[in-house]
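Notes to accompany the following structure.
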Amino acid sequence: MTAVTFIFHNYLKELLTKERRGLSSFTHHFERRASVKDVIESLGVPHPLVGRLTINGGESSFAPVLRDKDVVEVSPMAAPVNPLVPTLLRPEPLERLAFVADANVGKLALHLRSLGFHTLYGAAKRDAAIAEIARSRKRILLTRDISLLKRKIIGHGYLLRSNDPAAQLLEVVRLYDLAGRSKPLSRCIACNGLLVPVSKEAVLDRLEPLTRKYYQDFHTCQQCGKVYWPGSHRKKLDAFIRHILQEAGRSAPDKG
Ligand SMILES: [Zn+2]
């Protein structure tokens, strides 16, 4: 029998299985030989959420097999997380900051696109297929589904804690430090394609009379051809982005 003391920090405590939920420290007994990663997941916490791991005070990867009387301390990812840089826990960094959103956070996906961030959404329905997209196309998986994040092939991922899409966006902007990198009106909200400037003449026949009259600057999606202009939607978007960036500048509410 192996007895290991676990210390979980911050919101990871709330993800522990029922009998231990909310406990910050406890001793866990188990029979089989197991890596620290497997034991942490068996306790309820998906590995992508772990930001720092120590065993007996020393910084650790997920690989070591736990020994009797080990003390394991587990902290969540803390802002700012840079997935482009290799770490002990995630030695394979991403090549660029890009996301794949699960079906349960569709509105968040559209918000991220409107800020200009590459976000795949709706390309797959089944968990296994979404996980495979995150792995093979090297993207950060965003989901509300804790079991999806426990899949072995997931490297980078985050469990949205709020139900509200604007609050979810704020979580992601804070965690990955996106505030300075947003490029509104650079990406198609409908399909994630990039927008390019286009002359008014080129899209004239596709515009409503009032749009034709009042607007001069147009963009079109390289992928689906949708036409964009800085109309009333743009004003709302600008106000929304201002709000999110302002809020992101404030410190996060959940410390502990
Ligand atoms: Zn498009």
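Exactly one residue out of Leu12, Leu108, Leu66, Leu23 is assigned by TED's automatic domain parsing to the domain that holds Ser162 and in contact with a helix residue (DSSP H, G or I) (Cβ under 7 Å, 6 or more places away or on another chain), and it is Leu108. What about Gln168, is it in contact with a helix residue (DSSP H, G or I) (Cβ under 8 Å, 6 or more places away or on another chain), within 21 Å of Lys107 (Cβ to Cβ) and among the polar types (S, T, N, Q)? It is true that Gln168 is in contact with a helix residue (DSSP H, G or I) (Cβ under 8 Å, 6 or more places away or on another chain), within 21 Å of Lys107 (Cβ to Cβ) and among the polar types (S, T, N, Q).
Of all the numbered requirements in (1) modelled with pLDDT under 95; (2) out of contact with any His (no Cβ under 6 Å at 6 or more places or on another chain), Tyr228 misses one, and that requirement is (2). The residues of the stretch 218-240 that are open to solvent by less than 100 Å² (accessible area, probe 1.4 Å) and more than 16 Å from Cys188 (Cα to Cα), listed by number, are Ser232, Ala239, Phe240. Looking across the stretch 204-214, just one residue is of a type outside the set (S, T, N, Q) and either surrounded by 15 or more Cβ atoms within 10 Å (Cβ to Cβ) or in contact with a Cys (Cβ under 8 Å, 6 or more places away or on another chain) (or both), and that is Leu207.
Counting only residues that are farther than 13 Å from Pro48 by Cβ, give me the helices (runs of 4 or more DSSP H) lying completely in the stretch 85-160 with at least 1 of them.
Working: elements: 106-114, 127-136, 146-149.
Fully inside the stretch 85-160 and qualifying: 106-114, 127-136.
For the stretch 156-203, a tally of residues being closer than 21 Å to Ala248 by Cα, within 16 Å of the ligand (Cβ to nearest atom) and open to solvent by less than 10 Å² (accessible area, probe 1.4 Å) returns 0.
Return yes or no: is Asp145 at pLDDT below 95 and not small (Gly, Ala, Ser)? Spelling it out, it is not the case that Asp145 is at pLDDT below 95 and not small (Gly, Ala, Ser). Contact annotation: residue pairs with Cβ atoms under 6 Å, 6 or more positions apart or on different chains, pairing a residue in the stretch 1-26 that is free of Cβ contacts under 8 Å to residues at least 60 places away in the same chain with a partner that is surrounded by 12 or more Cβ atoms within 10 Å (Cβ to Cβ) and assigned to a helix (DSSP H, G or I), are Gly22/Lys13; Ser24/Lys13; Phe26/Arg20.
Looking only at the stretch 215-250, which residues are of a type in the set (S, T, N, Q), more than 16 Å from the ligand (Cβ to nearest atom) and either touching a helix residue (DSSP H, G or I) at 6+ places or on another chain (Cβ under 8 Å) or assigned to a strand (DSSP E or B) (or both)?
Our first condition is that a residue be of a type in the set (S, T, N, Q); within the stretch 215-250, this holds for 216, 220, 222-223, 232, 246.
When the remaining residues are screened for being more than 16 Å from the ligand (Cβ to nearest atom), the result is 216, 232, 246.
Listed by number, the list holds a single entry, Gln216.
The values are calculated or read from the model by the stated rules, or taken from the named source; none is laboratory data. In this text, all values refer to a predicted model and were calculated from it rather than measured experimentally. Cβ: placed from backbone, ideal geometry, glycine included. Neighbour counts: every protein chain shown. Calculation scope for accessible area: heavy atoms of the full protein, side chains included, ligands and nucleic acids excluded. Shrake-Rupley method; radii C 1.70, N 1.55, O 1.52, S 1.80 Å.
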